[in-house]
Every structure is written in C-alpha cells, then in structure tokens.
Amino acid sequence: MQSSIWISIHTAISIFILLGLFWALYIGNEGVALNNELRSEQAALQVQLENLMDQNRNLENQIREMQNSDLYIEAFARSKLGLVKQGEEFIPNKDLQSNEPN
C-alpha cells in the first residue's frame, strides 16, 4: 500500500517537473527568446551554406574548364615546364596565370 502511494507521488512530481520544463523551454519568456535566436541563427547558417555551395559549384566549373582548356594546358606547359621554343617569347595571359596550380 505504501509503495503505491510513493509511486503516485513520484509520478505526480515527475509530471510537474516535465510540465515546468516544457513551459520554460517553449512557452516562457526565455524559451521564446532562445527559440527565436536559434531560428535566426539557423536561417543565417542556411544562407551561408547556400553561398558556400554556390562557390563550390563555381570552383568545380573552373576546374572542369581548366581540365578541358587547351589554352590553359599550353600556358601551364610553357610557363611552369619551360616549354618555350627557341627565339620565342612567352607572354602569359593574366586570366590563365591567376588560375594556374602551384
């Protein structure tokens, strides 16, 4: 008999604590402010993620263009590998030079 009373008291206290935590997290002033702050932070991170994904796509496109560009390959071979013909002066293209690998 006594154990069932303690179980009832324990259950009631647990429910009361859970309701209090729910109130503090979702309904109370601090919970609402925290929820709004987290939502705005999530939105900012989403925008940052989309920007990084765009940058990643642009870099992938640049890499594909470099891999398939005869001008880039020629500029790289002439400038980095020293494949300039005798009596020829190599004038590097600024656009190609900025994208050359190290």
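For the residues L25, L19, L34, L45, the requirement of being more than 30 Å from E88 (Cβ to Cβ), in a helix (DSSP H, G or I), touching a helix residue (DSSP H, G or I) at 6+ places or on another chain (Cβ under 6 Å) and of a type in the set (A, V, I, L, M, F, W, C) singles out L25. Restricting the search to region 17-65, which residues are basic (K, R) and more than 30 Å from A75 (Cβ to Cβ)? Residue satisfying the conditions is R39 alone. Specify the residue that is nearest to the chain's Cα centre (by Cα); the eligible residues are those in region 33-51 that are open to solvent by less than 90 Å² (accessible area, probe 1.4 Å) and over 30 Å from W23 (Cβ atoms). Out of the qualifying residues, it is L49.
Close Cβ contacts (under 8 Å, 6 or more residues apart or on different chains) running from residues in region 6-24 that are surrounded by 10 or more Cβ atoms within 10 Å (Cβ to Cβ) to residues that are part of a helix (DSSP H, G or I) and not hydroxyl-bearing (S, T, Y) comprise W23/G31; A24/E30; A24/G31.
Scan region 1-16 for residues that are modelled with pLDDT under 80 and assigned to a helix (DSSP H, G or I) and the total you get is 1. Counting only residues that are at pLDDT 90 or above and of a type in the set (D, E, K, R), region 38-90 holds 6 of them.
The values are calculated or read from the model by the stated rules, or taken from the named source; none is laboratory data. Worth saying up front: this structure is predicted, and the values here are computed from it rather than measured. Reconstructed Cβ throughout: ideal geometry from the backbone, glycine too, with neighbour counts over all protein chains shown. Calculation scope for accessible area: heavy atoms of the full protein, side chains included, ligands and nucleic acids excluded. Shrake-Rupley method; radii C 1.70, N 1.55, O 1.52, S 1.80 Å.
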